[in-house]
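Novice: I am attaching a structure below and will ask some questions about it afterwards.
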Ligand SMILES: Nc1ncnc2c1ncn2[C@@H]1O[C@H](COP(=O)(O)OP(=O)(O)O)[C@@H](O)[C@H]1O
Ligand SMILES: [Mg+2]
């Protein structure tokens, strides 16, 4: 058996003092694509932000490519009424180390600068990786995956549709040469037509063997895409389903929300 690319063991975290997710165990091996599906507001983004080093884990381990990304020890919930908690504690994980290790998180929502053009954003992304092996091939891959971005090269981000912005965000993630690409709600808020187009592009990323961890509300898109699906509810993993045993769309919704829905 090959070693895991990503292994979360007993991971807990949240926004002190509010616990958001607890005892999460999740593994990605080889070039697997993994899905995470669960209701809104139950802590998926908080979990991903923790894995990406933007929030400190409270407990548990994040192992990535054989390296432990978070430092040892559980976090003491030390809250002051007067001081910002963040001012006097040591970080347990650093986003810079996570990115350097090749774990790339494409955040939920549109976080691009509206006044930059598509070309400027992608040039900067590519320059950040310049000199690294494979950057030229990845640029070609990005152009193949998202031909629409070529047409929109001179457009400012603020004139793009939601789907096109999502394509730019994913392209930036790919140009960082990920060993694992995490996508948080890539199809959120898109029209059905654009959602389909984006889903096809993401399926083609999968064909390039970049391992994926994808959170999405569109369960059909996820079940078509992934090798394994984790169901996530109230801050914890409630089921893990293999592609070979993937239930239907309706069965998954019944597992999550009860059969009366
Ligand atoms: N910056 C924040 N500060 C405090 N609480 C937050 C913050 N962001 C999200 N939360 C809370 O954490 C919980 C989980 O949110 P989130 O991780 O965004 O869920 P999901 O991605 O599954 O929709 C929610 O109750 C939400 O209100
Ligand atoms: Mg979210």
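Novice: If R0 is 22 Å, what FRET efficiency do you get for residue 111 and residue 71 from their C-beta distance, rounded to 0.05? Working shown, then result.
Specialist: Working: r = 27 Å, r/R0 = 1.23.
Here the calculated transfer efficiency is 0.20.
Novice: Go ahead and estimate [θ] at 222 nm for the chain from helices alone: -39,500 (n - 2.57) per DSSP H run with n ≥ 4, summed, over the residue count, rounded to 500.
Specialist: Details: 9 runs with 88 residues, N = 261.
Result for the chain: -10000 deg cm²/dmol, rounded to the nearest 500.
Novice: Ranking request for peptides 52-60, 124-132: highest mean number of other beta-carbon atoms within 10 Å first, then the rest in descending order.
Specialist: Values: 52-60: 20.3, 124-132: 13.0.
Listed from highest to lowest mean packing, they are 52-60, 124-132.
Novice: Which residue fluctuates the most in the chain, going by a Gaussian network model with Cα springs under 10 Å, if the choices are 15, 105, 230?
Specialist: 15
Novice: When only alpha-carbon atoms are used, what values of Rg and Dmax, in angstrom, describe the range 157-261?
Specialist: Values for the range 157-261 (Cα only, Rg and Dmax): 14.7, 44 Å.
Novice: Considering the chain, what Rg and Dmax in Å follow from its alpha-carbon atoms?
Specialist: According to the Cα coordinates of the chain, Rg and Dmax are 18.6, 56 Å.
Novice: Any chance you could tell me what percent of the C-alpha pair distances in the range 181-225 go past 13 Å?
Specialist: Numbers: 505 of 990 pairs.
Value for the range 181-225 (Cα pairs over 13 Å): 51 percent.
Novice: In whole Å, how far is the Cα centre of the range 1-74 from that of the range 165-207?
Specialist: Here the two parts' Cα centres lie 21 Å apart.
Novice: Further question: Could you check the simple spin-label distance between residue 161 and residue 19, using points 7 Å along Cα→Cβ, in nm with one decimal?
Specialist: 4.4
Novice: Based on DSSP, what percent of beta bridges with both residues in the chain are antiparallel, to the nearest 5? Each step should come with its number before you reach the end.
Specialist: Numbers: 23 of 39 bridges.
Close to 60 percent.
Novice: Determine the relative contact order of the chain: mean sequence separation of Cα pairs under 8 Å and six or more apart, normalised by residue count, in whole percent. Each step should come with its number before you reach the end.
Specialist: On the way: 454 pairs, mean separation 63.5, N = 261.
Relative contact order comes out at 24 percent.
Novice: Right, another one. Calculate, for residue 209 and residue 144, the FRET efficiency according to 1/(1 + (r/R0)^6) with r their C-beta to C-beta distance and R0 25 Å; round to the nearest 0.05.
Specialist: Numbers: r = 14 Å, r/R0 = 0.57.
Once rounded, the FRET efficiency stands at 0.95.
Novice: Something else about it: What is the packing order of peptides 164-177, 35-48, taking the mean over residues of other C-beta atoms within 10 Å and listing the highest first? Kindly include the intermediate steps, with their values, before the conclusion.
Specialist: Numbers: 164-177: 22.5, 35-48: 20.0.
Packing order, densest peptide first, comes out as 164-177, 35-48.
Novice: When the chain is treated as a GNM, springs tying every alpha-carbon pair under 10 Å, which of 146, 113, 221 comes out with the largest mean-square fluctuation?
Specialist: Greatest mean-square fluctuation among the candidates belongs to 113.
Here, each number is a calculation from the coordinates, and none is a lab measurement. Just so we're clear, the structure is a prediction, and the values are computed from it rather than from any experiment. For neighbour counting, all protein chains shown are included, and Cβ atoms are generated from backbone atoms with ideal geometry for every residue, glycine included.
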